[in-house]
Amino acid sequence: MTDTYTPPKVWTWDKNNGGPFASINRPIAGPTHDKALPVGKHPLQLYSLATPNGQKVTILLEELLEAGVTEAEYDAWLIRIGDGDQFGSDFVAINPNSKIPALLDHSVSPPQRVFESGSILLYLAEKFGKFLPVDPAARTEALNWLFWQMGAGPLLGGGFGHFFAYAPEKFEYPINRYTMEVKRQLDVLDRQLAEHEYIAGAEYSIADIAIWPWYGGLVLGRAYDAAEFLDAASYTNVVRWAQQIDARPAVKRGRMVNKANGPLEEQLHERHDAGDFATRTQDKLEGAA
């Protein structure tokens, strides 16, 4: 029998507890240090890291540019969350929640801050009139699924991903609990995609862009080394959809932006114009490290 945990009457913060991400989790908000953020030449300034939440925004920006929306040109700056960049004063001024991604739009005065990945997707889709249906019923369906991801994603990442891949110790109860929920979510998606080409219907939208980095990455074997454990291949409609989106050129580019791990050829620490994808070299990547 394993030892049971009895919560104290008043919880206190143990900085040495929490596994590999303990240094980025704390029970208080606000900045820990003064740090100015760089500002590039474009109106849209993105401060992020290529986690699934970060990839949502860079994929949408690359899709907008692919669609000919030149006003969507942007500068993307790397925020190293393991180093605590998200607790710098300028970053906290954009996102008081100290999470990536964070966007500052200088095309309006005063500059508009936008934080939370779902809010950024909706802001950009409305600003440029792309990847969100105009028809009220279709728009509502796309937003249904956008907000589905906002609610479901933490159970996949902070729940399943944490206890399966990152927790200091493996415990059967939380792994079973969150595995059951993630498999239920995959079944929800699989049933929807059995009847529709894309998540919200016939059109590729911000719903797909929000869901794909998390659940597409999961079934494609890119998250938590868990595809076999979850029997991801059995969700055939999700796999079909994930592969279809994975092949899009803008998605391939968007996945690279602000990526600071994995093979060097897949990393682009900063992005300031389209030429950065063609001219990046190993020396450039190592110089940005």
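Read-outs: derived from the displayed coordinates by stated rules, not from any lab. As the structure is a computational prediction, the values presented were derived from the model and not from experiment. Ideal geometry is used to build each Cβ from the backbone, glycine not excepted, and the neighbour counts take in all protein chains shown.
Under a straight-distance cross-link criterion of Cα-Cα below 30 Å, which lysines are reachable from K35, leaving out those fewer than 8 residues away in the same chain?
Straight-line reach from K35, under 30 Å: K15, K56, K99, K127, K259, K284.
Karplus couplings for segment 82-92 from phi (6.51 cos²θ - 1.76 cosθ + 1.60, θ = phi - 60°), rounded to Hz, Gly and Pro as x?
Those phi angles translate into x, 8, x, 4, 6, 9, x, 4, 5, 5, 5 Hz.
Using volume of the Cα convex hull per residue in Å³ as the read-out, say which of (i) 182; (ii) 157; (iii) 132 was calculated from these coordinates.
Recomputing volume of the Cα convex hull per residue in Å³ here picks out (ii).
Restricting to the chain, compute how many DSSP beta bridges are antiparallel as a %, nearest 5.
60
Going by a ≥ b ≥ c, the root eigenvalues of the Cα gyration tensor, does segment 33-156 fall in the rounded group (a/c under 1.5), the prolate group (a/b larger than b/c) or the oblate group?
Here segment 33-156 falls in the oblate category.
Would you mind working out the magnitude of the charge dipole of the chain relative to its Cα centre, with +1 at each Lys and Arg C-beta and -1 at each Asp and Glu C-beta, to the nearest 20 Debye?
Value, rounded to 20: 480 debye.
Go ahead and estimate [θ] at 222 nm for the chain from helices alone: -39,500 (n - 2.57) per DSSP H run with n ≥ 4, summed, over the residue count, rounded to 500.
Estimated from H runs of four or more residues: -12000 deg cm²/dmol.
Where does the charge balance sit around E73 when Lys and Arg score +1, Asp and Glu -1, over other residues with C-beta under 15 Å from its C-beta?
Value of the local net charge: -4.
Rounded to whole Hz and in sequence order, give me ³J(HN,Hα) for segment 225-232 from the Karplus expression 6.51 cos²θ - 1.76 cosθ + 1.60, θ = phi - 60°, writing x for Gly and Pro.
So the Karplus estimates, Gly and Pro as x, are 6, 10, 4, 5, 4, 8, 6, 4 Hz.
Determine the relative contact order of segment 15-170: mean sequence separation of Cα pairs under 8 Å and six or more apart, normalised by residue count, in whole percent.
Computed over segment 15-170, the figure is 25 percent.
Treating only the Cα positions of segment 92-214 as identical point scatterers, give the base-10 log of I(q)/I(0) from the Debye formula at each q in 0.10, 0.22, 0.23 Å⁻¹.
Per q value, in the given order, log10 I(q)/I(0) is -0.40, -1.21, -1.25.
Can you work out ³J(HN,Hα) from phi for every residue in segment 233-245, in order, using Karplus 6.51 cos²θ - 1.76 cosθ + 1.60 and θ = phi - 60°, giving whole Hz and x for Gly and Pro?
5, 6, 8, 5, 6, 5, 4, 4, 5, 4, 5, 4, 6
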